[in-house]
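The values are calculated or read from the model by the stated rules, or taken from the named source; none is laboratory data. Computed from a predicted model, the values in this text were never measured in an experiment. Neighbour counts are summed over all protein chains in view; Cβ atoms, including those assigned to glycine, are modelled from backbone coordinates with ideal geometry.
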Amino acid sequence: MEFEKKQRDCRLSYHVETLSRSWVKTEQASDVVFMAENKLRVLLEPALQSLCSLQSIRWQWLGWKESEWTLDAVVNSLSTIECIEEYTFHYEPPGHSRLPPHPPFPDFCRLQTLSVSGIFFNSFLFTTIDRVIIPSTSLTSLELSRERSYQRSLHLSVDIPSTISSVSLLGFMFDFSQIIHSNLTSLELGDVFSPGTQTLDTKLDALWDVLSSRGIHLRSLILSRATNDFTEPFLNYLHSYSGLEVLSFRGPWAFNDIEYDAAADRFHNDVLPMHASSLVKLEVRVVFESRWCFGEHNIETFRRCRRLRNLWIKVNHRGLEEDPTPYDPNLYADKNLSSRSFHPNSVHLLLQMISTSLPDLEKLTIEPARNPDWAYHREDGIWNLGAKFCLGIRRRVHASVKSFVAQGHWATAGVNGSDVRSWVRVYVGNERVVIPKRSSSAVPMKKSRQESLSVLRRVFEGTKNILTV
């Protein structure tokens, strides 16, 4: 009867995490677990303290399957190690607990990188962060990521010290003045909030103006929250200097074809060339089909970004290969072959450009954009035509990659003398596209594999000691 009850409960997904540990808690099993945990208590502390040369720790504490005593036991043991430079901690309290345990933080005198993520429902996080940040003179990188950030009252109560050059904040409320200082080189903002009556976009505009006026030139900028507009202050700031290495941003959910395309043209014609010689990662996560998508109008600008290793881009559906298994042909505006012939295949253009101009590219992600004709249509919802449209475009992107291979374009040697498929991983969304290789590519692949092993060997020789819990 107990087993059947658990089965019924598990049909409700929100019960699964809390049930996953209690499922096996019979009286006999509880005795075995109790004895095992007693042995672990005895062995854990000396085992951790013996890692006297440890420099990096990655710890994930999941309350629905971990024992609470491990929080203090692990922290007390790690605090005795003096060489720790990097500490990554992910925390998820038990889903059924009204008073979840407070996660303690070790005292590390040489800590350089601190990353804290998870589900936090109270302000205890900041009292512990205060204790870690304020005394530290060596901390240079801080990442705070708070899931379930609908509780906007949780304020970041401290200013970021000027020693910290890399800041990543997701799911908190704070004033942007708390994070601005002359040593800032890397900034990531996710689902954040700012106090006051002004909108967040207005305050972001003020942030870009302050960074520009103070001459603070970021080398990495990641905006994982979709803004309302591509504002002039944002584009002006990016255009005011060169040397950006990582750039990732999302486009607005509101669509205006004139403003959308005008901002795209300025970005490709004026902003992106300023950083073409330094960019190694570029993610242009716009929402709608527009001139932000890759095509003939911006190919020359992307061709100049020869140091790119990671590219995330969206494409227009017009000109792509036909959907092999269409849900509804009427989803596509170019359902007639005669109209499709007027538009080049943007996937073919992209892959050909990579093969001749981007020798360092390692990962390519291609995504479909939303149809702007449905921007304000109620059926462009997750379960309606909008979702089916995007799934269909993904199939057309897959078909376009395959047709590019079938037509022999990959047979052309890349700029480094070997088959491009030897070094580029292609993804459509989160799904990797497996590109078949011909037997003639065996020799270049062997050389590439030897080079990869050589690089891997150097990485292992120079790696730090890392503990993952």
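Quick rundown of the values:
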quantity: Region 46-58: number of residues that are polar (S, T, N, Q), in contact with a strand residue (DSSP E or B) (Cβ under 7 Å, 6 or more places away or on another chain) and assigned to a loop (DSSP other than H, G, I, E, B); calculated: 1
quantity: I180 vs. criteria modelled with pLDDT of 90 or more and either surrounded by fewer than 19 Cβ atoms within 10 Å (Cβ to Cβ) or over 30 Å from L111 (Cα atoms) (or both); calculated: no
quantity: Among the candidates E17, E4, residue that is modelled with pLDDT under 70, under 27 Å from the mean Cα position of the chain (by Cα), part of a helix (DSSP H, G or I) and acidic (D, E); calculated: E17
quantity: Matching residues in region 239-293 - criterion: being in a loop (DSSP other than H, G, I, E, B) and among the hydrophobic types (A, V, I, L, M, F, W, C); calculated: L244, W253, A254, F255, A276, L279, V280, V286, V287, W292, C293
quantity: Residues of region 166-193 classified as assigned to a loop (DSSP other than H, G, I, E, B) and among the charged types (D, E, K, R), total; calculated: 2
quantity: Any hit, region 187-195, residues being more than 22 Å from the chain's Cα centre (by Cα), among the polar types (S, T, N, Q) and modelled with pLDDT of 85 or more; calculated: no
quantity: Condition check for D257: surrounded by fewer than 18 Cβ atoms within 10 Å (Cβ to Cβ), touching a residue at least 40 places away in the same chain (Cβ under 8 Å) and over 16 Å from S168 (Cα atoms); calculated: yes
quantity: Residue identified as under 28 Å from the mean Cα position of the chain (by Cα) and modelled with pLDDT of 90 or more among I382, I393, I366; calculated: I366
quantity: Every residue from region 276-288 that is at pLDDT 90 or above and crowded, with 20+ Cβ neighbours inside 10 Å; calculated: L279, L282, V284
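Results for (1) more than 32 Å from the chain's Cα centre (by Cα); (2) modelled with pLDDT of 85 or more; (3) part of a loop (DSSP other than H, G, I, E, B), shown as yes or no for each residue.
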{"residue": "A36", "(1), (2), (3)": "yes, no, no"}
{"residue": "Q60", "(1), (2), (3)": "no, yes, no"}
{"residue": "L114", "(1), (2), (3)": "no, yes, no"}
{"residue": "F121", "(1), (2), (3)": "no, no, yes"}
{"residue": "L125", "(1), (2), (3)": "no, no, no"}
{"residue": "T128", "(1), (2), (3)": "no, no, no"}
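A quick yes/no check of all residues on (1) over 19 Å from R307 (Cα atoms); (2) crowded, with 17+ Cβ neighbours inside 10 Å:
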{"site": "S213", "(1), (2)": "yes, no"}
{"site": "I222", "(1), (2)": "no, yes"}
{"site": "R225", "(1), (2)": "yes, no"}
{"site": "F234", "(1), (2)": "yes, yes"}
{"site": "Y237", "(1), (2)": "yes, yes"}
{"site": "Y241", "(1), (2)": "no, no"}
{"site": "G251", "(1), (2)": "yes, yes"}
